[in-house]
Amino acid sequence: MNKNGNDESIDKVKRTVAASFVAASLWASPASLVGSNIFHWDNHILNDVAISATANAKEMASGSGSRVNKDAESLLRYGLPIPKDKEIRKLQLQIEEIRQNVSSKRKSAAIEGEVKSAQILKSKSSAFVAMCRDPAACTSYFNEMSSLLKPLDDSLKEATDTQNGSAQERVALDNAYNLQDKIQKLLTLAEEQMVPKGYVTAVPAEYSDLPQLQGRAVVEFILKKPNKAPFDIDGVNFPEAKLKMIIDGYTSPVTGGNFVELVQKGFYNNMKIQRSDGFVVQTGDPEGPADGYVGTPSKSVGKGKNGERLIPSEIFMKGDKGPIYESTVEDEGRGGEATVLPFSSYGAMGWAREEYNVNSGSSQFFWLLFDSDLTPAGKNMLDGRYPCFGYVVEGADFLSDVKEDDVITSAKLIEGELKQPVTSFSE
């Protein structure tokens, strides 16, 4: 704490104003930021808030007064449209808290979570299986989860019985973490089975000429640096960056569908990164006069000034039955309400647009380098204003060293299904 209370207050104001300026810059395409004074407004203030975002921001991100869920895989689980999900969410909470407690060496709390998880599985597994589309698959998942809880308990107790800070404690905690991760992944498979058969998020008829993603998709990007320079992650060099992303068609069928179609068409192949500023990594602006993908325009939204195919803003709020289109939370008088998928994870994916036109998105998107100083969960300039349509689930750490002019050498769809057929990229 500073000796002068006024200095501390001034520092808080500086950080708040700087965060607002940085967040507002997403309301412009990278081209429009050239010559902008947003990042030259007061560099010594911006440096105060940028340092934490550029140095291991994934670990430094935290909540404002309460624990924030910044785990991409957890957020995706909560985003699954599971009817009557109260009991399975209780199990999910217990399992996820084991991970948090192992990471913070709260070993007694982790053991308590393991015990509660075992009790829930014992009493509720039959009911959980009945919720699944494939009961046999879910039976296998829950049985394997139960079988892993015993060695997890053993590892946690071993960590408790060893000297704090010892190599033996570290090994035991690592084993516990890996076992929890296996249990968590089995939980994901089980919860995905609980989405009703044939479930598709309804999209208004006026957007039927746009590609739509049904369910979820998995996309993989490989990036390389110019001159074969390595990616430096915490002092370890890698020849390329591989990002695995889950794209969510439950909350963003049009946004996700547009992105997946462009991936399949090869639009992002050999495209350079156009912005990397410690707040976001952004790309999707092709060479030439157009600021986005030039293709057959949507009848509902139309096209941009250079022939870009535009897509409507698409925001899915918690408690709603479907997304709101061509609007924001402020436009709807719902400021402060939560979205199903929030921008609270390092590597959250958002669709870029112009500041004053919610339907100006085309092909540009960004990865958010989440940091609580810049984007506190529930109080940021992103949730409810931009579609969050997916998360990086593997390789997010690479984003800390992705720079402008790095190249996406490969962008491909691993899993997923579009409602509309896709042709080769020749338009």
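Considering only residues of region 359-400 that are of a type in the set (S, T, Y) and modelled with pLDDT of 80 or more, which is surrounded by the most Cβ atoms within 10 Å (Cβ to Cβ)? Here the residue is S362. Take the residues in region 307-319 that are part of a loop (DSSP other than H, G, I, E, B) and either in contact with a strand residue (DSSP E or B) (Cβ under 8 Å, 6 or more places away or on another chain) or in contact (Cβ under 8 Å) with a residue 60 or more places away in the chain (or both); name whichever of them is surrounded by the fewest Cβ atoms within 10 Å (Cβ to Cβ). The extreme case among them is K318.
Check whether at least one residue in region 168-190 is acidic (D, E) and within 18 Å of V115 (Cβ to Cβ), and report yes or no. Checking region 168-190: not a single residue is acidic (D, E) and within 18 Å of V115 (Cβ to Cβ). When K303, K299 are checked against the criterion of being more than 19 Å from V407 (Cα to Cα), touching a Lys or Arg at 6+ places or on another chain (Cβ under 7 Å) and charged (D, E, K, R), a single residue qualifies: K303.
Output the residue which, of all residues in region 223-247 that are charged (D, E, K, R) and exposed (fewer than 14 other Cβ atoms within 10 Å of the Cβ), is nearest to V281 (Cα to Cα). Per the criteria, the residue is D232.
Let's see how each residue does on (1) within 18 Å of P297 (Cβ to Cβ); (2) not small (G, A, S):
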position	(1), (2)
T339	no, yes
S344	no, no
G361	yes, no
F366	no, yes
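Checked across region 326-340, the condition of being closer than 17 Å to Y207 by Cβ and out of contact with any helix residue (DSSP H, G or I) (no Cβ under 7 Å at 6 or more places or on another chain) holds for at least one residue. Against the test of being at pLDDT 95 or above and farther than 18 Å from G284 by Cα, the options E330, E308, E326 yield a single qualifying residue, E326. Listed by first and then second residue, the pairs with beta-carbon distance under 9 Å, at least 6 apart or on different chains, first residue in region 122-150 and modelled with pLDDT under 95, second part of a loop (DSSP other than H, G, I, E, B), form an empty list. Scanning region 232-249 for residues that are part of a strand (DSSP E or B) and within 18 Å of L262 (Cβ to Cβ) yields a count of 6.
Scanning region 189-232 for residues that are without any contact (Cβ under 8 Å) to a residue 12 or more places away in the chain and more than 30 Å from S298 (Cα to Cα) returns N227, K228, A229, P230.
Annotation note: of G304, G256, the sole residue that is surrounded by fewer than 22 Cβ atoms within 10 Å (Cβ to Cβ) and of a type outside the set (A, V, I, L, M, F, W, C) is G304.
Every residue, every condition in (1) at pLDDT 95 or above; (2) of a type in the set (K, R), yes or no:
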residue: T162; (1), (2): no, no
residue: E169; (1), (2): yes, no
residue: Y177; (1), (2): yes, no
residue: E192; (1), (2): yes, no
residue: V200; (1), (2): no, no
residue: K228; (1), (2): no, yes
residue: Q264; (1), (2): yes, no
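From the list L186, L148, L179, L156, the one residue that fits, being under 22 Å from the mean Cα position of the chain (by Cα) and assigned to a helix (DSSP H, G or I), is L186.
I98 falls short of the stated requirement of being touching a Leu at 6+ places or on another chain (Cβ under 6 Å), surrounded by 15 or more Cβ atoms within 10 Å (Cβ to Cβ) and in contact (Cβ under 8 Å) with a residue 12 or more places away in the chain.
Scanning region 118-142 for residues being assigned to a helix (DSSP H, G or I) and surrounded by 14 or more Cβ atoms within 10 Å (Cβ to Cβ) gives a total of 14. Out of G322, G333, G288, G350, one residue alone is assigned to a loop (DSSP other than H, G, I, E, B), under 22 Å from the mean Cα position of the chain (by Cα) and not hydroxyl-bearing (S, T, Y). It is G322.
If the condition is being crowded, with 21+ Cβ neighbours inside 10 Å, polar (S, T, N, Q) and closer than 14 Å to L148 by Cβ, then region 171-213 contributes only Q180.
Inspection of region 133-144 finds a residue satisfying the criterion of being basic (K, R) and in contact with a helix residue (DSSP H, G or I) (Cβ under 6 Å, 6 or more places away or on another chain).
The values are calculated or read from the model by the stated rules, or taken from the named source; none is laboratory data. Bear in mind the structure is a predicted one, so any value in this text is a computation, not a measurement. Quick reminder, even Gly has a Cβ in these numbers, built from the backbone with ideal geometry, and neighbours come from all protein chains shown.
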